[in-house]
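Read the structure below first, then the notes.
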Amino acid sequence: MGRTVCWPAMHGGEIAMANEAHDTDVVIVGAGPVGTLLAILLGQKGKSVTLVERWTTHYDLPRAVTYDHEIARILATLGMDSENDPAISYHDELYYWKNKDGKNLQIVDWQSQSASGWRVRYWFNQPMMERRFLEIAAKQPSVKIIRGWVGKSLEQDANGVTLTIQPTPEEGGNADETQVIRAKFLAGTDGANSFVRNSLGIENEDKGYFFDWLILDMIMKYDYVSARSPEPAQWQLCDPARPTTIVPGGPGPDPEGPARRRWEYMLLPGENAAEMQTPEKAWELLENWGVTPENADLERSAVYRFQARWAKQWNKGRCLIGGDAAHLMPPFAGEGMCAGVRDAVAMAWRLNGILEGKYGVEVLDSYTSERIEHAKHYINFSQELGQIICIHDEEEGAKRDAAMIADLQARGGNPVPTDLCHLGKGAWCDESAHAGELSVQGIVEANGKRDRFDQAVGQGWILFGYDTDPASALNEEQRRQFAQIEGMSVKLGASAGSADVVDVEGTFKAWLDQIDAKYVLIRPDFYVALTANSPEALQTRFAKVMLELHLGEQSQMAAE
């Protein structure tokens, strides 16, 4: 006979929904990097979180191996410095795409410092990073982690979500045993076969892109990059005989020792996935690179199907989805996990704000409209890159080589910059230069320290003006609204005598001159909500952003 266990009520957050007792503010299904990060970001703000994970033990093999500057910026808010962390490494080197003869087809700038204040590209070991996430989450007193349980049913109404879970069948769980969790909101970060997405009846937009690749993760016993110099540290071999990716795999078990490496091989027509992922096949393929059982250990050999798809809707009622539950993309741009991390941050600032009474529940709609377009951009970009490398016909490969070599020569061999990506329409003003993009960040002096702006000043809704007090440019009602969302007003300048925050290297001044702006409003996710060059423009654009946060009804209540 089955039994149902109901969690006792835990009260977190600042507001009650229809005076109903809930077990938790937010229940999150899936404790991978996306779900765990979301739990951390909610827990840091005192929200009660129940994090449900289907497996009783942590998956200890690598999947993702790289992330970009935006993720480094996010990790810094958790106290993880990508420049000095045992789980993270970097290479000051360009990203090369070469043909079978070793000629450059494309060069991507993965060497420069990004405008957001961090390197363009980092390499990491996912199990090490996930363990850090779990340790941080476990230290949050309002975060509860339940392992070895999966979703059985999901229902929602105007006031909350009821999630019924059961022990994981694959681990011998009793399907008749259930627990019921009543939450104000639910987030599904439970992977490509998402129970949450399927329960909500959300369909996928599938681009019909399917390529099988063998992934080999290696623990090296020597410095491979130095031994193979001048071979690049990170590159794509566009050889129709066997398209191959050769990239770092993050630090090794000893951060002071040799780094991990990853090889990815496209399966050719007629090849069998089971046969390809045997250790014997791995060593056969690696022999051409001088890698043998004597100088490396095979950590993982697995065939993955690279896909390009996204969910058509990312929020429904009080439920949201993110990570692989919302999108899948080929790995060629290194943006798969990055997109999931962005999802977590985008969900977190909205849910925190709703639970604190800052925004209306309707602000969740902009989560879908903003993030889906952003992710689609990288899915399309990754697919375009895949179309370059996933060619196994010699004649077609020769045509590709000729066209790309000619294009590279025409631009003088200069590397292409990493592309700039906009959010879809949402809580930002599209009349502003740079709005909807990641904000520029420079070194500043503030609060007695010299550091990047985020670390020296803080994170949240930040309105800054250069050589002017930005708060004085808002009208009285807008200043009240800004206080309601706990906004921070900052006067930037070239010297301490004229500013609260000193623009040490002139980074902000150069940026504002370029976009003809005097004021900038930055959101909690570091994206620009608006820019303006006059108080009048600031007030008009500020009003539009506040409307997107659905402050109207709450503002009226506060005024009364």
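Yes/no per residue for (1) touching a strand residue (DSSP E or B) at 6+ places or on another chain (Cβ under 9 Å); (2) crowded, with 21+ Cβ neighbours inside 10 Å; (3) over 17 Å from K98 (Cβ atoms); (4) polar (S, T, N, Q):
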{"site": "E335", "(1), (2), (3), (4)": "yes, yes, yes, no"}
{"site": "C338", "(1), (2), (3), (4)": "yes, yes, yes, no"}
{"site": "K358", "(1), (2), (3), (4)": "no, yes, yes, no"}
{"site": "Y367", "(1), (2), (3), (4)": "yes, yes, yes, no"}
{"site": "F381", "(1), (2), (3), (4)": "no, no, yes, no"}
{"site": "I391", "(1), (2), (3), (4)": "yes, no, no, no"}
{"site": "A402", "(1), (2), (3), (4)": "no, no, no, no"}
Checking M129 against (1) within 26 Å of L200 (Cβ to Cβ); (2) buried (at least 20 other Cβ atoms within 10 Å of the Cβ); (3) not aromatic (F, W, Y), which single condition isn't satisfied?
(1)
Within the stretch 232-256, residues open to solvent by 30 Å² or more (accessible area, probe 1.4 Å), modelled with pLDDT under 95 and over 20 Å from S301 (Cα atoms) come out as D254, P255, E256
In the stretch 464-476, what count of residues is obtained for those that are touching a residue at least 24 places away in the same chain (Cβ under 8 Å) and either under 15 Å from V545 (Cα atoms) or of a type in the set (A, V, I, L, M) (or both)?
3
Note: among Q140, Q166, just one is under 20 Å from D25 (Cα atoms), surrounded by fewer than 22 Cβ atoms within 10 Å (Cβ to Cβ) and not charged (D, E, K, R), namely Q140
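With the structure loaded, tell me whether I181 is of a type in the set (A, V, I, L, M, F, W, C) and either part of a strand (DSSP E or B) or under 28 Å from N295 (Cα atoms) (or both) or whether it fails that test.
Values: of a type in the set (A, V, I, L, M, F, W, C): yes; either part of a strand (DSSP E or B) or under 28 Å from N295 (Cα atoms) (or both): yes.
Considered against the rule, which asks whether it is of a type in the set (A, V, I, L, M, F, W, C) and either part of a strand (DSSP E or B) or under 28 Å from N295 (Cα atoms) (or both), I181 comes out as yes.
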For the stretch 400-414, name all the residues that are farther than 18 Å from L237 by Cβ and not hydrophobic (A, V, I, L, M, F, W, C).
D407, Q409, R411, G412, G413, N414
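Counting only residues that are in a helix (DSSP H, G or I) and either closer than 18 Å to A192 by Cα or open to solvent by less than 10 Å² (accessible area, probe 1.4 Å) (or both), how many does the stretch 42-69 have? Write out each step before concluding.
First, pick out the residues of the stretch 42-69 that are in a helix (DSSP H, G or I): 42-43, 69.
Cutting the leftovers down to either closer than 18 Å to A192 by Cα or open to solvent by less than 10 Å² (accessible area, probe 1.4 Å) (or both) gives us 42-43.
Counting residues in the stretch 42-69 that are in a helix (DSSP H, G or I) and either closer than 18 Å to A192 by Cα or open to solvent by less than 10 Å² (accessible area, probe 1.4 Å) (or both) gives 2.
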Just the residues that are in a loop (DSSP other than H, G, I, E, B), closer than 17 Å to T292 by Cα and either β-branched (V, I, T) or open to solvent by less than 60 Å² (accessible area, probe 1.4 Å) (or both), please, taken from the stretch 198-228.
Y222
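It is to be established whether one or more residues within the stretch 434-446 are under 22 Å from Q113 (Cα atoms), at pLDDT 95 or above, assigned to a strand (DSSP E or B) and open to solvent by 60 Å² or more (accessible area, probe 1.4 Å). Don't jump to the end; show me each part of the working.
Filtering the stretch 434-446 down to residues under 22 Å from Q113 (Cα atoms) leaves 434-445.
Narrowing the set further to residues that are at pLDDT 95 or above leaves 435-445.
Filter once more, so that each one left must be assigned to a strand (DSSP E or B): 438, 443-445.
Those left that are additionally open to solvent by 60 Å² or more (accessible area, probe 1.4 Å): 445.
Yes, because at least one residue in the stretch 434-446 is under 22 Å from Q113 (Cα atoms), at pLDDT 95 or above, assigned to a strand (DSSP E or B) and open to solvent by 60 Å² or more (accessible area, probe 1.4 Å).
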Can you give me the number of residues within the stretch 1-41 that are at pLDDT 95 or above and assigned to a strand (DSSP E or B)?
6
Test: Q106 is open to solvent by 20 Å² or more (accessible area, probe 1.4 Å), within 20 Å of the chain's Cα centre (by Cα) and at pLDDT below 95
no
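The values are calculated or read from the model by the stated rules, or taken from the named source; none is laboratory data. Quantities reported herein were computed from a predicted structural model and do not represent experimental measurements. With ideal geometry, Cβ positions are generated from the backbone for all residues, glycine too; neighbour counts draw on all protein chains shown. Note: accessible area is taken over every heavy atom of the protein model, side chains too, but ligands, DNA and RNA are not part of it. Shrake-Rupley method; radii C 1.70, N 1.55, O 1.52, S 1.80 Å.
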